[in-house]
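Colleague: Before I ask anything, let me first share the structure, which is written out below as structure tokens.
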Amino acid sequence: MNTVYIMWLRELKKYSRSKSRIVGSLGQPLLFLLALGYGLGSVFQKAGQGNYINFLAPGIIGMGIIFTAIFSGIALIWDRQFGFLKETMVAPVSRFNIMLGRTLGGATIATIQGIVVCLLAIIVGFRPYSWILILPAIVVMFLVALLFTALGTGIASQLEDMQGFQLIMNFLVMPLFFLSGSLFPLTGLPTVLAIVTKIDPLSYGIDALRTLLSNAGHYNLGTDITVLVLITLVFLGLGSYLFSKIQI
């Protein structure tokens, strides 16, 4: 477990040193909150759906988490290119512990990102349904972050260049985000779209956050948590298997 802690701490240190990364990653969530939150707010309200900012904020929080979580895989490719990963892998420690430590570090960073976006949303005009429920919402944020960090780590384990990783991630992340119900309600969707949203694991993370923060969930909260836990365990297992197959 000492290896897990060391890798976790290393990921946090790398993030804390990159102030430009911290500030730059807030640009897109802020744009979505302002442009969509206020631009479509009147339309959403006329449709009888209430305050769009309150509906939108959990989805934008999820967006901040998934982008940070999946793209943490770039650090793995970077370490691989510059030899740090080789030094780590030849050490007499379990590769699973190395992968778990990196994944927990990336998930912690993504969770912090989600909390910062939540604070940003509150400044913009979002009002949580209950301030007490922010604490369990943070737990959900971490679960979502862990799921997608494991996915990013697994994919990065099979790639050797950052350009290829970015192309694959852009192809994967945008559909996951837009088809998760982050920007629109999940009720009354066409059959095909409804099926796709049920397959998208991010849908359950967004719905859980929306239930806790806005009291406007579509699925049952227990269903959301159960699905997230199961898929997270699957991705952790898959990610650790792919990581163990890295050739150094």
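Derivation of every value follows stated rules applied to the coordinates shown; laboratory data play no part. Keep in mind the model is a prediction, meaning the values are calculated, not measured. So basically every Cβ, Gly included, is an ideal-geometry build from the backbone, and we count neighbours across all protein chains shown.
Colleague: Starting from the amide H of GLY217, placed 1.01 Å from N in the peptide plane, find each other amide H under 5 Å away whose residue is 5 or more places distant or on another chain.
Modeller: Amide H neighbours of GLY217: THR211.
Colleague: Assuming 0.36 nm per residue, please report the length gained on full extension of the stretch ALA194 to SER94 beyond their Cα-Cα distance.
Modeller: Fully extending the segment from ALA194 to SER94 adds 31.9 nm.
Colleague: Arranged by the count of other C-beta atoms within 10 angstrom, fewest first, what order do TYR38, TYR204, TYR219 take?
Modeller: TYR38, TYR219, TYR204
Colleague: Taking θ = phi - 60°, what integer Hz values does the Karplus form 6.51 cos²θ - 1.76 cosθ + 1.60 yield along the range 178-186, in sequence order, with x for Gly and Pro?
Modeller: Values per residue, Gly and Pro as x: 5, 9, 9, x, 5, 10, 8, x, 8 Hz.
Colleague: Another one. For TRP78 paired with LEU119, estimate the spin-label separation in nm (one decimal), with each label point 7 Å from Cα along the Cα-to-Cβ line.
Modeller: Going from the TRP78 label point to the LEU119 one covers 2.3 nm.
Colleague: Then there's this: Could you please tell me the mean projected area of the C-alpha convex hull for the range 120-248, averaged over all directions and given in square nanometres to one decimal?
Modeller: The number I arrive at for the range 120-248 is 9.4 nm².
Colleague: Enumerate the whole-percent occupancy of each 10 Å bin, from 0 to the last occupied one, for all C-alpha pair distances of the range 158-232.
Modeller: Bin by bin from 0 Å, the calculated values are 19, 44, 26, 11, 1.
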